[in-house]
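Just so it is clear, none of the values below were taken in a lab; they were calculated from the coordinates. All values derive from a computational prediction rather than experimental measurement. With ideal geometry, Cβ positions are generated from the backbone for all residues, glycine too; neighbour counts draw on all protein chains shown.
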Amino acid sequence: MNTTQTEALISMVAVLGLFVLMVAPAVIGILRDRRLDRQIRRAAAGPARGTAPRRPARAA
């Protein structure tokens, strides 16, 4: 492997690293939104089967 190939490899790794750093927050945000959407849908569907309704807190 000569100097030109080594420089090209280092540059390619640097570009891929920057790409990952730029895309990672967007992917994390998309995954978080999907999780929240699932939770909202589950809450809108009503209580799960086999669970007792929660009692409201009593005032002191």
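So the values come out like this:
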quantity	calculated
Environment charge of Ile40, counting only residues whose C-beta is closer than 15 Å and scoring Lys/Arg +1, Asp/Glu -1	+4
Debye intensity ratio in log₁₀ form over the Cα atoms of the chain, taken at each q of 0.13, 0.23 Å⁻¹	-0.65, -0.95
Two-site label geometry, Ala57 and Arg35: point separation in nm, points 7 Å out along Cα→Cβ	2.5
Rounded FRET efficiency, nearest 0.05, which uses the C-beta distance separating Leu21 from Met1 and R0 of 35 Å	0.85
Nearest-ten-degree value, helix 3-45 long axis tilted from longest Cα axis of the chain	10
